[in-house]
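Contents: one structure, followed by commentary.
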Amino acid sequence: MDAPLLVQVAVRRTPAAPPTGAERVRVQRAHARETLGLASDLAGGPAGPWPQEEDGGRPLPLEGWHWSISHDAHLTVGGLARVPVGVDTERIQERRLALAERVLSAEERVLLVHEEPALAFTRAWCAKEAVLKARGIGMAGLSRCRIRAVEPERLLLGLDGEEWRVEQARVDDSVVAVTTAGAKWCLEWSGVAVGPLHASP
Ligand SMILES: CC(C)(COP(=O)(O)OP(=O)(O)OC[C@H]1O[C@@H](n2cnc3c(N)ncnc32)[C@H](O)[C@@H]1OP(=O)(O)O)[C@@H](O)C(=O)NCCC(=O)NCCS
């Protein structure tokens, strides 16, 4: 029997940086690539540099390794695998109703009804971003990417006839989401400790 595919993901806290401007973005982007390097070291992957379609664009595989990063003022995340992978992080926060209605269908909102609203929306947003990144299509696929089932630590999503399992965890007040193609895969975390979604930070 084939061993399950391994997705290696590292998470680190973002270093203090100027609160606004290009330097803040530069710090986050560089830190995210170091975080990816940590995951790659553990996976036996390459050291980079990590190629992209254009600056800030879709990641391109390196030596057969697919990779994905996410960065904000709180966390940087880097993940890689032998098949397309997507990672995302989002701070848990309330969003405007209009945004929730744009991103989530009525059916999806019913599936998430037992979740506290800020966490429900953040989980959904983060999961969709991870799937759209794994597919390399970004926002263009948002309306086709739909939540099919909600489990305590994962969401199942559909996109263009494919099913995507998105594993989710919590670090401080942020959600981290990871997905990859196919059904049979396992996930190894490194960097800061990740915990269950519903634990108090
Ligand atoms: C790719 C995308 C998802 C960016 O996500 P983001 O949350 O803004 O930023 P993140 O830090 O999580 O990810 C950025 C990384 O995504 C990667 N990326 C960019 N385009 C990508 C694509 N088409 N496919 C996969 N990954 C992509 C890049 O590596 C980028 O890092 P870099 O700028 O340091 O090179 C993009 O589609 C986007 O613009 N999203 C806007 C946010 C939004 O409205 N999301 C709604 C989802 S519910």
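Please determine whether any residue of region 128-145 is out of contact with any Cys (no Cβ under 7 Å at 6 or more places or on another chain), in a strand (DSSP E or B) and either surrounded by 17 or more Cβ atoms within 10 Å (Cβ to Cβ) or polar (S, T, N, Q) (or both). Reasoning before the result, please.
At the first step, the residues of region 128-145 found to be out of contact with any Cys (no Cβ under 7 Å at 6 or more places or on another chain) are 129-130, 133-145.
From what's left, in a strand (DSSP E or B): 145.
Restricting the remaining residues to those that are either surrounded by 17 or more Cβ atoms within 10 Å (Cβ to Cβ) or polar (S, T, N, Q) (or both) gives 145.
Among the residues of region 128-145, at least one is out of contact with any Cys (no Cβ under 7 Å at 6 or more places or on another chain), in a strand (DSSP E or B) and either surrounded by 17 or more Cβ atoms within 10 Å (Cβ to Cβ) or polar (S, T, N, Q) (or both), which makes the answer yes.
Among the candidates Arg33, Arg24, Arg13, which residue alone is basic (Lys, Arg) and over 26 Å from Cys186 (Cβ atoms)?
Arg24
Give, as residue ranges, the strands (runs of 3 or more DSSP E) completely inside region 40-99 that count at least 2 residues that are farther than 16 Å from Thr180 by Cα.
75-81, 85-91
Out of the residues in region 62-74 that are more than 10 Å from the ligand (Cβ to nearest atom) and closer than 20 Å to Val171 by Cβ, state the one that is modelled with the highest pLDDT.
Out of the qualifying residues, it is His74.
Quick test of your reading of the structure: Glu116 fulfils all but one of (1) farther than 17 Å from Ala181 by Cβ; (2) touching a residue at least 24 places away in the same chain (Cβ under 8 Å); (3) among the acidic types (Asp, Glu). Name the failing condition by number.
(2)
Does region 154-186 hold any residues that are in a strand (DSSP E or B), touching a residue at least 40 places away in the same chain (Cβ under 8 Å) and surrounded by fewer than 18 Cβ atoms within 10 Å (Cβ to Cβ), and which are they?
Residue satisfying the conditions is Cys186 alone.
Is there a residue being touching an Asp or Glu at 6+ places or on another chain (Cβ under 6 Å), of a type in the set (A, V, I, L, M) and modelled with pLDDT of 95 or more anywhere in region 130-152?
yes
What about Ala32, is it within 16 Å of the ligand (Cβ to nearest atom) and within 18 Å of Ala134 (Cα to Cα)?
So Ala32 fits the description; yes.
Go through region 40-61 and report how many residues are of a type in the set (S, T, N, Q) and within 8 Å of the ligand (Cβ to nearest atom).
1
Restricting to region 119-140, name every residue that is without any contact (Cβ under 8 Å) to a residue 24 or more places away in the chain and more than 9 Å from the ligand (Cβ to nearest atom).
Result: Ala120, single match.
Pick from Ala10, Ala17: which is in a strand (DSSP E or B) and either at pLDDT below 95 or touching a helix residue (DSSP H, G or I) at 6+ places or on another chain (Cβ under 9 Å) (or both)?
Only one candidate qualifies: Ala10.
Are there any pairs, at least 6 apart or on different chains, whose C-beta atoms fall under 7 Å, with the first in region 72-97 and under 16 Å from Ser190 (Cα atoms) and the second within 14 Å of the ligand (Cβ to nearest atom) and assigned to a loop (DSSP other than H, G, I, E, B), and if so, which?
Cβ pairs passing all conditions: Leu75/Thr14; Thr76/Thr14; Thr89/Asp72.
Scan region 23-42 and give yes if some residue there is charged (D, E, K, R) and within 23 Å of Cys145 (Cβ to Cβ), otherwise no.
No, region 23-42 has no match at all.
The values are calculated or read from the model by the stated rules, or taken from the named source; none is laboratory data. Just so it is clear, the model here is predicted, and its values are computed rather than measured. Here Cβ is always computed from backbone atoms with ideal geometry, including for glycine, and neighbour counts include all displayed protein chains.
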